[in-house]
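The values are calculated or read from the model by the stated rules, or taken from the named source; none is laboratory data. Remember, it's a predicted structure, so these values are computed and weren't measured experimentally. Here the Cβ is made from the backbone with ideal geometry for all residues, glycine too, and neighbour counts use every protein chain on show.
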Amino acid sequence: MDPNGRIAVVTGAAGGIGGALVRALAGAGARAVVATDLEEPVIEAGPPTRIVPRQLDVTDEVATRDLVADIEASIGPVDLWFANAGLAGRGGPDVADSVWEAQWQVNVMAHVHAARALLPGWTARGEGHLITTASMAGLLTTLGDGVYAATKHAAVGWAEWLAITYGAQGIRVSCVCPGAVDTAMLRAGTGGDAAKAATVIGGGEVLAPDAAAARILAAVAEDRFLIFTHPEMQGLVVRKAQEPDRWIRGMQGLWARTQELLQD
């Protein structure tokens with residue numbers, strides 16, 4: 001879906017990829033871009049008349065429904081919804097249930113809440129585009145963060161199911177799987193070192209958020225399902241599918257080297 005003349009919503013818009021998407025959508029001629037986060041975000045770039053900041057806790061289904069209703073009443077029907085908010089951490093089975101629940105709510109259930117709020121109107125109109133942000137962790141894994149890997153795999157699975165189930169009704173679904181994009185989340189696990197984080201992720205250079213947003217919007221305009229910020233990552237996905245046992249052994253070796261890198 002071409003965003004020109006459309007109404008778009010971006011969650012997790014206070015910075016990183018979300019903030020860059022807001023700027024890119026405004027620059028692409030969107031009629032209005034509703035930028036949401038836990039606190040109303042401040043977007044410095046782009047035509048201000050097109051950007052509408054709103055507060056939204058994406059884990060709150062009632063608040064999500066209310067926001068959709070408010071936008072439709074005050075601006076117009078939502079055309080594109082970028083479910084971009086995400087949460088990460090570190091750990092696996094040893095992590096508290098509260099950590100698992102928090103990531104599940106933000107990384108998965110927020111996408112479910114959006115679908116519940118949007119699909120009735122979209123199916124009635126015969127169009128709409130849901131763009132969920134997962135991660136390469138949802139196609140490969142995340143070294144050191146089993147919770148994030150599990151929830152992002154679920155996010156990919158949910159987006160795929162929606163795309164198959166509602167495609168015949170004119171609904172488009174895309175799933176963004178970013179690689180190393182220079183965001184606060186990327187830096188968090190490595191003491192603020194984006195280059196080190198990119199080495200852990202593999203598959204390309206660190207990309208500025210605005211460059212990532214430009215690639216995402218180009219793919220959205222083409223109605224592509226899987227969207228890679230780093231096209232070379234697709235090769236890793238193919239190799240994993242072709243030789244899963246070899247891929248696991250290789251990742252085991254990479255995990256050993258990564259632990260040494262993170263300790264430096």
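Quick look at the numbers
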{"item": "Count - residues of segment 1-37 that are among the hydrophobic types (A, V, I, L, M, F, W, C) and part of a helix (DSSP H, G or I)", "result": "7"}
{"item": "Qualifying residue in segment 38-51 (condition: part of a loop (DSSP other than H, G, I, E, B) and of a type in the set (Gly, Ala, Ser))", "result": "yes"}
{"item": "Ala110 in contact with a strand residue (DSSP E or B) (Cβ under 7 Å, 6 or more places away or on another chain), under 24 Å from Ser135 (Cα atoms) and surrounded by 16 or more Cβ atoms within 10 Å (Cβ to Cβ)", "result": "yes"}
{"item": "Yes/no for Pro41 being farther than 19 Å from Ala211 by Cα and surrounded by fewer than 16 Cβ atoms within 10 Å (Cβ to Cβ)", "result": "no"}
{"item": "Odd one out for Leu87, checked against (1) over 24 Å from Leu25 (Cβ atoms); (2) at pLDDT below 95", "result": "(1)"}
{"item": "Within segment 206-258, tally of residues that are basic (Lys, Arg) and touching a strand residue (DSSP E or B) at 6+ places or on another chain (Cβ under 8 Å)", "result": "2"}
{"item": "Leading residue by the ranking (surrounded by the most Cβ atoms within 10 Å (Cβ to Cβ)) among those in segment 122-137 that are aliphatic (A, V, I, L, M) and under 23 Å from Gly5 (Cβ atoms)", "result": "Ile131"}
{"item": "Test for Glu232: is it charged (D, E, K, R), under 24 Å from Glu160 (Cβ atoms) and at pLDDT below 90", "result": "yes"}
{"item": "Segment 58-72 residues that are touching a residue at least 60 places away in the same chain (Cβ under 8 Å) and more than 12 Å from Ala114 (Cβ to Cβ), paired with ones that are hydrophobic (A, V, I, L, M, F, W, C) and part of a loop (DSSP other than H, G, I, E, B) (beta carbon under 8 Å, 6 or more apart)", "result": "Ile71/Val78"}
{"item": "Residue, farthest from Ile248 (Cα to Cα), within segment 156-166, restricted to residues that are touching a residue at least 24 places away in the same chain (Cβ under 8 Å) and surrounded by fewer than 24 Cβ atoms within 10 Å (Cβ to Cβ)", "result": "Tyr166"}
{"item": "Residue under evaluation Phe228, criteria (1) in contact with a helix residue (DSSP H, G or I) (Cβ under 8 Å, 6 or more places away or on another chain); (2) exposed (fewer than 11 other Cβ atoms within 10 Å of the Cβ), criterion not met", "result": "(2)"}
{"item": "Enumeration of residues in segment 79-106 that are aliphatic (A, V, I, L, M) and within 18 Å of the chain's Cα centre (by Cα)", "result": "Leu80, Ala83, Ala85, Leu87, Ala88, Ala102, Val106"}
{"item": "Among (1) among the hydrophobic types (A, V, I, L, M, F, W, C); (2) within 19 Å of Glu40 (Cβ to Cβ); (3) at pLDDT below 95, the one test that Val95 misses", "result": "(2)"}
{"item": "Qualifying residue in segment 57-67 (condition: buried (at least 22 other Cβ atoms within 10 Å of the Cβ), farther than 20 Å from Leu217 by Cβ and under 18 Å from the mean Cα position of the chain (by Cα))", "result": "yes"}
